[in-house]
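Each remark here refers to the structure printed beneath this line.
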Amino acid sequence: MGSRIEAIIWDRADTPLCVPEGFALVRLTSELSMLPITEDQVKRLDPSATGDDRIPTAWMLRQPVAALARSLSADRAVVYICSETFAGEGTREAIAWRFGRLLYGPAGTVDIEDDLEFGYHLAWGHNNAVNSGLRAVGVHAAAGDDEYGTIGLERHRHTEDWLPN
């Protein structure tokens, strides 16, 4: 069974002023909020917007979403994540900003050596790009869990499942 999550997560529970209309805000914890990113939402963004030129063009991270994440970081720490898995193994990417400045990444990791592509690193378990990006914005893993699990991202396997019905 596979999963795919694409989201922007930030370190304060309030809503930044520049969240575009039509995006659903999800409260993850008392200190973290998330914008799940779907194909329909990406269509609402400026396709020419650039978040960071260092994001390789073949990656799952998309420039218009990265540009939104960077703008949301004007007064907070923000991480943009993409995670795609199948049967536990997968590809994970993340980039983070604080106060509009690059904080982490862009970073991409894979779980198995056969999946290595340009710009990716091999990282098993808790050291993947998404967990590292979450650590960069202040998430601390609970005992026996990783950062992804600690904030409840495993509750839904697909981005669309985070949206209200």
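Observations on the model:
- Subset of the range 1-36 [crowded, with 16+ Cβ neighbours inside 10 Å and part of a loop (DSSP other than H, G, I, E, B)]: Asp11, Pro16, Val19, Phe23, Leu28, Leu32
- Residues in the range 30-43 that are farther than 17 Å from Ala96 by Cβ and out of contact with any Asp or Glu (no Cβ under 8 Å at 6 or more places or on another chain): Ser30, Glu39, Asp40, Gln41, Val42, Lys43.
- Meets criteria (of a type in the set (S, T, N, Q) and out of contact with any strand residue (DSSP E or B) (no Cβ under 7 Å at 6 or more places or on another chain)) for Thr38: yes
- Restricting the first member to the range 132-153 and to residues that are at negative phi and in contact (Cβ under 8 Å) with a residue 40 or more places away in the chain, and the second to residues that are among the small types (Gly, Ala, Ser) and not in a loop (DSSP other than H, G, I, E, B), the beta-carbon pairs closer than 6 Å and six or more apart or on different chains are Gly133/Ala94; Gly133/Ala96; Ala136/Ala96; Val137/Ala77; Val137/Ala96.
- Among the residues of the range 46-71, those identified as of a type in the set (A, V, I, L, M) and at pLDDT 95 or above are Ala49, Ile55, Met60, Leu61, Val65, Ala66, Ala67, Leu68, Ala69.
- With respect to the conditions (1) in contact (Cβ under 8 Å) with a residue 40 or more places away in the chain; (2) touching a strand residue (DSSP E or B) at 6+ places or on another chain (Cβ under 8 Å), Ala58 lacks only one, and its number is (2).
- When the residues of the range 96-123 are filtered to those that are within 26 Å of Arg12 (Cα to Cα) and among the small types (Gly, Ala, Ser), the one that is surrounded by the fewest Cβ atoms within 10 Å (Cβ to Cβ) is Gly100.
The values are calculated or read from the model by the stated rules, or taken from the named source; none is laboratory data. Treat the numbers as computed from the prediction; the structure is a model and nothing was measured. With ideal geometry, Cβ positions are generated from the backbone for all residues, glycine too; neighbour counts draw on all protein chains shown.
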